[in-house]
Each structure stands twice: as C-alpha cells, then as structure tokens.
Amino acid sequence: MQEIEISKIIRSKRRTIALVVTHDATLVIRSPLKTPLDYLKSLVNIKRDWIRTKMREMQRKPKPKDKEFINGESFLYLGESYKLKIVDDIVGDVELKDNLLLSQEKASCARDVVKKWYKSEAEKKIKERCEWYSRLTGYKPLSIKISNAKKRWGSSGYRGTVNYNWRLIMAPMEIIDYVVVHELVHLEQRDHSRLFWDKVKSIQPDFKRRRTWLKDNGRTLSI
Ligand SMILES: [Zn+2]
C-alpha cells in the first residue's frame, strides 16, 4: 500500500503529538521539538487507516469556490447569508445592511477590502464573546488576537494569548462561542484529554453538536 505523505510537521513546545487531516485532505503533524522523524513516521503507519478514512471524508466535502465579488453573490456573516451589492453612495468601503454593500470605488480590490471588514468585525465580536466567557469561567487570557491562520480556528499560546481565526465571523454565534470556550479552557488544560473535554462540557453541555457543525461546515467559511 502507498505510504501516506506528511505535508507538514509543526514542531513546538508541546508535549503531545497530534495528527491533523486538514480541510484540503493533507496530513499535518504537530509535534514536540525533539520527537524523531522516524517515530512520527511509524505513528503515521500505525494510524494509517484512520488517516485514510479522514482524508476520504475531507475529499468528499464540497469545496466552496473563491468569491468573485459580483452583485448578488452570497456572503456569510454570523451564520446569515447576505447578497453583495456594489453601490456608489456609502461612506465607508463596506457596510452591512439588508445586503452587504461594497463601495464601487473599491470594487477592483474587493477581496482585500471585504477581508479587512470581516477582520475588524471579528475583532469586535469575537473579543466581546471571549471577554464574556472569560468572566463566566474565570479563565483569563493575557491577550486576545485575531489570526489569519489558514487551517486553525483557534489556538492558545503558552504565554496566555488566545488566537481566533477571523473567518469565524462568518459562522453562527454559537459556533464562535464553541471555539472561544475551547481555547479558553486550553489556558488551563493544554491537551485534549478527558479532563479537557469535561471542562468544555461543563461550560457548554452541547459542545459536540457545535464541534460537528464546524467540522462539516468549516470549509464554507471562506471568501
Ligand atoms: Zn484544542
């Protein structure tokens, strides 16, 4: 049988190894700094059936096309779909009303402008949710950042920073809340142990449903 290709190994000060099949069906390994490559390869071999199943699963999911930024095209914001309307009478570059309005002047650099708008919305909304859950749970990050990561919805650094992907602003609020809580709990419990999931569950009893939604629909959160 053909060997499974490891597309990337990300080494960091973590203690455990994680095999991740990404949205584009490639294998990424997160590993402690000193784990030998041979060991990682043997682990991939042991887990090959699981990896192949995951890869097939990812390949089956529909991949959204890149947006063209034309009138009438749909854009997501907090789980709702809005039609793009290119207009010449708005003050800023982008504005959300019944439609997603984009200034005619900016139509030539629409992708950058809309992305910037999403990011600033993510900055406001996600931070707000994070602060709210932080007060509720007592898990206090030192800082909250909005990231541009391609494949991760969130991460939690050793120095107490939590990062959230700006693309989450396209998801329903309850999905954002799941990622918010997930990373906050990581401040205290770094791995994905039973203890970790128990803590998540105590804050969000229905987290599994939200996690599944993100796995199934994560790919649609793109422009
Ligand atoms: Zn996690």
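Rule-based calculations on the coordinates, nothing more; no lab input. Keep in mind it's a predicted model, so treat the numbers as computed, not measured.
Observations
- Among S155, S31, S12: highest mean-square fluctuation, GNM of the chain, C-alpha pairs under 10 Å: S12
- Max mean-square fluctuation residue, GNM over the chain, Cα-Cα springs under 10 Å, options V91, V180, V20: V91
- Under-5 Å amide H pairs with Y77, H placed in peptide plane, nonlocal only: Y82
- When the listed pairs K116/K150; K145/K201; K151/K215; K83/K215; K61/K151 are checked against a 19 Å cut-off, the alpha-carbon distance exceeds it for K145/K201; K83/K215.
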